[in-house]
Each structure stands twice: as C-alpha cells, then as structure tokens.
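What follows is a single structure, written as structure tokens, with notes after it.
The values are calculated or read from the model by the stated rules, or taken from the named source; none is laboratory data. Remember, predicted model here, so these are calculated numbers, not experimental data. Cβ coordinates were reconstructed from backbone atoms using ideal geometry, including for glycine residues, and neighbour counts include every protein chain displayed. Ligands, DNA and RNA are stripped out before the accessible areas are found, and what is left, the full protein with its side chains, is counted by its heavy atoms. Shrake-Rupley method; radii C 1.70, N 1.55, O 1.52, S 1.80 Å.
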Amino acid sequence: MIRAVKGTRDILPPSSNTWNHVESVARRVFRAYNYQEIRTPVFEETQLFARGVGEDTDIVSKEMYTFDDHGTSLTLRPENTAPVIRAYIEHRLDQNPGLQKLYYIGPMFRRERPQKGRYRQFSQIGAEAIGSDSPATDAEVIEMVTEILTQSGLGGFRIFINSVGCPQCRPGFVANLKQQLEGVTGKLCQDCQRRAATNPLRVLDCKIPECQPVIESLPSILDHLCSVCQPHFGQVQALLSSRSIDYTVKPRLVRGLDYYMRTTFEFVHGALGAQNSVLGGGRYDGLAEQLGSKVHSPGIGFSIGEDRLVLSLEESAPGAHQHVLDLYIAPMGEAAVLHAAQVAYEIRKRGSCVELGAGGKLKRNLETANKLGARYVLLLGDNEISAGVYALKDMASGEQLNLTREQLLDKF
C-alpha cells in the first residue's frame, strides 16, 4: 500500500472543518484591517531565499527542498515573506498609493524532523505591511494577529516581543556576543557551536533545553540599542499597552531569519508542548533593497503556523467546529425518491445542509441519520406526497411535526 510521504499528511473531516473555520476568520479579520490577498508561486529561484532569508540560517543550509530545472536552481518556498517582497518589487507595488497590506494562505516546505504540530509540508497564514517604519504599524499588526487567534477561539496564548536592533547598533552587540560565546561554546549543541562561528545571533534562537542556561547568561541586545531603535521599541510597547494587549519582553527573542530588524514577536500556546510557537513575525526594513529594490520599502509581517493553530484549537475545544447536517431526507418508495430530490434541491438553495437518503426501510434511514448527526429527518412516502403534508422529526427531542411544503421551506 502506498502511504503519504513522511512529514506530510491528509487533512480529513472533521479536522478540515476547523481548517476552514480558521481561514474564514483570518480572511474576515484581514478585510477589517484593509489587507488584500496575494498568491505567489510555490517555487522560486533558490537565490531569492539565500539572499533574503540568509545562507547561514538553518532553513537555507539544511531544510530547503531544492532541485535543478534545466540549469536553474529552484526551491519549494520554505517561507513566503521573501516571495511577497519579490512580487512587490517586480510589479512595482511601491507605485501604488498608501501602505501595501498583503496577506497569503498556503503551503510551505521544509525538510525538518517531523514532530507534534510540525510537518515537511505545512500551511501558513501570513501578512506583510510594506511602506512604513512607524511603530504604530508594528502595534497594529500585533493587534491584528491577536484578533485572528481570539476570533478563531484560541485562548491562553502568550505574546513575547523584542527588538533586535538595526545595522547601526546590532554589529556592536554581535561582536560582544561572539566574544562571550568563545568561553562557553563547548557547552552548546553542535548546531549552536556552528552558529557561534558563522552567525552568533542564531544561537539565541536555539530551542534545545540543554542550551538554555548558557543562552540566558549571554548579553542582552536591549542594552545595545541605538538612539533610534530604543525609542521605536518603547513606542511599540506603549501602543500595545494602550490597547490593553498583554505582552512580555523577551530580550533573547531573535527569530530564525536574517532579515529581521527592530521589532520581533512570537505567540506561544501551551497545548503544543516544547515546540509551542503558534506564530512569529517582525520588521524587515532592509529586505526590499537586499532583493534589488531601488526604493526604500520598510515592512513588517508575520506567519501563523496553521497546522499548529488548528492542533491547539482541537485540543482546547474538541468538536467545536463540527460539521452540522441540518436535514436528512428519508424517501420511502420509488416515487418518493424523485420527489425527495426536488425538496432537497429547494432547501439546499436556502443555505441548509441536506443529505438525501437512497430509499429503503425507515429504521435503517433513521439509524443512518443518527450516525450522521442530522438535526432533523424528513419522512417522505407516498402518503405524504399525495396529502402534501410532510413528517419532520426533531432528532434531539423526538418531536414530530406535520408541515406543508411551504411551511417546511420556511423552516429552513
């Protein structure tokens, strides 16, 4: 038997109902904040991610699905910020009026070790606000994410924020960090030992428990922020506090991508265990220029791990988004089957979910309707058709109503 490839999975009912719920909520919230959808290809030139994400990141160095296409190196997208900025530059969206607010929903690909809530093909819900370096934009983005999670039904999540500085103040911090790492590198995991030499800032992003005591002893970037980054971060905090959004400043939160600067943030939830991040994001004011733009295009964005969000919702509120079958029609007799199809068509046009039985014995139809969780069963035989009166049974109460066709249609 052929099975799904390791690190991938089939999303089946009823879980797919939760996925649809989350995406519907996200689209509604995005619309309220004036974001519009962008759809980028699932593969791009490899150089886009090497330049944008960073060659020394785990994503680029170990996790990308890269293949040769007649001499061109292509990669299945491991994240979508770099592709969105590529599209922003290519299609000259900087010429459009106002802030460019774009969102996306779709699959990403990373060859990670599969674990709870993490897959090699995974889905992200994300957004990018391009064209402003204002701390007010940062606060609004974090507020919007809070709304998506809250309206999806997730409670108990925590918000961590930090500033990772800018090209003016970060190099001094990185030099200090590298110096401090020299005496403790042997106590770190192999990945961190490599990062300490190639990209010291990435050490702070390590999630391995054994590395945490060493990481906690390292210097804080907040002590090295310049005269621009410090007040910027202070204003972000003030704006979040004014909205009554609870957050915790986490000085060693750096995220795993090289393009971040200034504000970074992460939302975590306890239902996910050790890998408890539901989403992350941050500001990337120099990314557009790094990818070839001649126009300064500061931006900030985030991506929600949709697999993780759905898992958290299903564990915290099982069955909350169960599919509901409004009506099961049980035709009895050949003439009733044709008539039942006409009735089902009319009720479906009114927006109700209807399952049409294939006929047979009444007892078997009622058993099937009960297993499907139908709210009502319509009993339809020759007598009901000739009289023009339908027997409608409420499956919860057991009550049976006799309704004309017009009354039946009005009820649904």
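Between Glu147, Glu143, Glu128, the distinction of being surrounded by 20 or more Cβ atoms within 10 Å (Cβ to Cβ), closer than 17 Å to Gly280 by Cα and among the charged types (D, E, K, R) belongs to Glu128 only.
When segment 371-412 is limited to residues that are touching a Phe, Trp or Tyr at 6+ places or on another chain (Cβ under 8 Å) and touching a residue at least 60 places away in the same chain (Cβ under 8 Å), the one that is surrounded by the fewest Cβ atoms within 10 Å (Cβ to Cβ) turns out to be Arg405.
Please go through segment 261-309 and pick out each residue that is among the aliphatic types (A, V, I, L, M), crowded, with 23+ Cβ neighbours inside 10 Å and over 24 Å from Cys169 (Cβ atoms). Across segment 261-309, the qualifying residues are Val278, Leu279, Ile304, Leu309.
With respect to the conditions (1) within 30 Å of Tyr104 (Cα to Cα); (2) free of Cβ contacts under 8 Å to residues at least 12 places away in the same chain, Ile300 lacks only one, and its number is (2). Per this entry, Tyr390 is not counted among residues that are under 37 Å from the mean Cα position of the chain (by Cα), assigned by TED's automatic domain parsing to the domain that holds Ala340 and within 17 Å of Ala344 (Cβ to Cβ). For segment 64-98, the set of residues classified as open to solvent by 60 Å² or more (accessible area, probe 1.4 Å) and either among the aromatic types (Phe, Trp, Tyr) or assigned to a loop (DSSP other than H, G, I, E, B) (or both) consists of Tyr65, Phe67, His70, Gly71, His91, Arg92, Asn96, Pro97, Gly98, listed by residue number.
Across segment 221-249, the qualifying residues are those that are closer than 12 Å to Gly165 by Cβ and surrounded by fewer than 13 Cβ atoms within 10 Å (Cβ to Cβ), and the one among them that is modelled with the highest pLDDT is Ser227.
So which of Leu327, Leu338 ends up being in a helix (DSSP H, G or I) and not hydroxyl-bearing (Ser, Thr, Tyr)?
On the way: Leu327 fails: in a helix (DSSP H, G or I).
Of the residues listed, the single one that is in a helix (DSSP H, G or I) and not hydroxyl-bearing (Ser, Thr, Tyr) is Leu338.
Note on segment 310-345: residues that are surrounded by 14 or more Cβ atoms within 10 Å (Cβ to Cβ) and free of Cβ contacts under 8 Å to residues at least 40 places away in the same chain amount to 2.
Pick from segment 150-187 the residues that are more than 21 Å from the chain's Cα centre (by Cα) and among the basic types (Lys, Arg): which of them is surrounded by the fewest Cβ atoms within 10 Å (Cβ to Cβ)? Step by step, filter segment 150-187, then rank; the result is Lys187.
Taking the criterion of being over 17 Å from the mean Cα position of the chain (by Cα) and of a type in the set (Asp, Glu), the residues of segment 78-98 that qualify are Glu90, Asp94.
Scanning segment 79-109 for residues that are touching a Leu at 6+ places or on another chain (Cβ under 9 Å) and of a type in the set (Lys, Arg) yields one hit, Arg86.
Just checking, does segment 8-25 include any residue being of a type outside the set (Lys, Arg), assigned to a strand (DSSP E or B) and at pLDDT 95 or above?
To start, the set of residues in segment 8-25 that are of a type outside the set (Lys, Arg) comprises 8, 10-25.
Restricting the remaining residues to those that are assigned to a strand (DSSP E or B) gives none.
No; the residues of segment 8-25 include none that is of a type outside the set (Lys, Arg), assigned to a strand (DSSP E or B) and at pLDDT 95 or above.
Which count do you get for residues in segment 99-114 that are over 14 Å from Phe49 (Cα atoms) and either loosely packed, with under 12 Cβ neighbours inside 10 Å or aliphatic (A, V, I, L, M) (or both)? Working first, answer last.
Within segment 99-114, the first condition is being over 14 Å from Phe49 (Cα atoms), and the residues that meet it are 99-107, 111-114.
Okay, now just the ones that are also either loosely packed, with under 12 Cβ neighbours inside 10 Å or aliphatic (A, V, I, L, M) (or both), so 99, 102, 105, 113.
Residues meeting the conditions: 4.
All of Ser352, Ser303 fail the test of being closer than 25 Å to Arg27 by Cα, modelled with pLDDT of 90 or more and part of a loop (DSSP other than H, G, I, E, B), apart from Ser352.
Check whether at least one residue in segment 57-77 is at negative phi and under 17 Å from the mean Cα position of the chain (by Cα), and report yes or no. Outline the logic, then answer.
Narrowing segment 57-77 to residues at negative phi: 57-69, 72-77.
Filter once more, keeping what is under 17 Å from the mean Cα position of the chain (by Cα): 77.
Within segment 57-77, one or more residues are at negative phi and under 17 Å from the mean Cα position of the chain (by Cα).
Among the residues of segment 348-370, the one identified as surrounded by 20 or more Cβ atoms within 10 Å (Cβ to Cβ) and either under 16 Å from Lys411 (Cβ atoms) or hydroxyl-bearing (Ser, Thr, Tyr) (or both) is Val354.
Thr40 meets the conditions (1) in contact (Cβ under 8 Å) with a residue 60 or more places away in the chain; (2) open to solvent by 30 Å² or more (accessible area, probe 1.4 Å); (3) in a loop (DSSP other than H, G, I, E, B) in every case but one. The failed one is (2).
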